[in-house]
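Any read-out appearing in this document is the output of simple, stated calculations on the displayed coordinates, not a laboratory observation. Quantities reported herein were computed from a predicted structural model and do not represent experimental measurements. Reconstructed Cβ throughout: ideal geometry from the backbone, glycine too, with neighbour counts over all protein chains shown.
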Amino acid sequence: MRLDAHHLCKRAPLNELSTTPNDMNGEQSFTITHPFHPLCGHPFPLLSQRFAWGEERVFFSDRATHEVRSLPLAWTNLALPDPFLVGACGKAVQRWKDLHQLAQFLRQQQSHSQEGH
């Protein structure tokens with residue numbers, strides 16, 4: 001399942017509440033939506049949602065190992081859509097903040113490589 005800004009704009013409805021339970025026998029569930037996660041598109045029963053390790057996370061039982069695992073809330077359908085990506089409606093797939101961080105990283109790399117010569 002490929003999710004990009006264009007896909008999000010075409011998906012309906014965008015204004016559906018992110019806390020609305022999915023139909024899993026009355027249990028609240030979530031789906032992993034991060035496009036590079038190996039379980040992207042798979043639903044899981046939600047055990048807990050809380051702030052941990054510096055960010056909002058969802059907790060679920062791994063079907064293979066039966067261990068409790070967690071993911072960033074932003075990697076699931078429970079997260080609110082990024083307003084910039086929704087507004088860009090497929091015309092931009094990166095947020096300004098992400099591009100700014102990339103530019104800073106590249107400048108640092110350039111400085112380090114010039115210092116090494």
Tell me, what ³J(HN,Hα) does each residue in the range 62-70 have, in order and in whole Hz, if you take phi through Karplus 6.51 cos²θ - 1.76 cosθ + 1.60 with θ = phi - 60° and put x for Gly and Pro? 5, 5, 7, 9, 6, 9, 7, 10, 9
THR76's amide H: which non-local residues (gap 5+, or another chain) put their own amide H closer than 5 Å, with H modeled 1.01 Å from N in plane and none for Pro or chain starts? THR33
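Among VAL68, VAL86, VAL58, which comes first, second and so on when ranked by fewest other beta-carbon atoms within 10 Å? List each step's numbers first, then the result.
Working: VAL68 11, VAL86 15, VAL58 24.
Result, fewest neighbours first: VAL68, VAL86, VAL58.
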Ranked from fewest to most other Cβ atoms within 10 Å of their own Cβ, THR76, THR31, THR65 fall in the order THR65, THR31, THR76
Given H placed 1.01 Å from N in the peptide plane, which residues other than close sequence neighbours of ARG57 have an amide H under 5 Å from its amide H? ARG50, PHE51, ALA52, LEU73
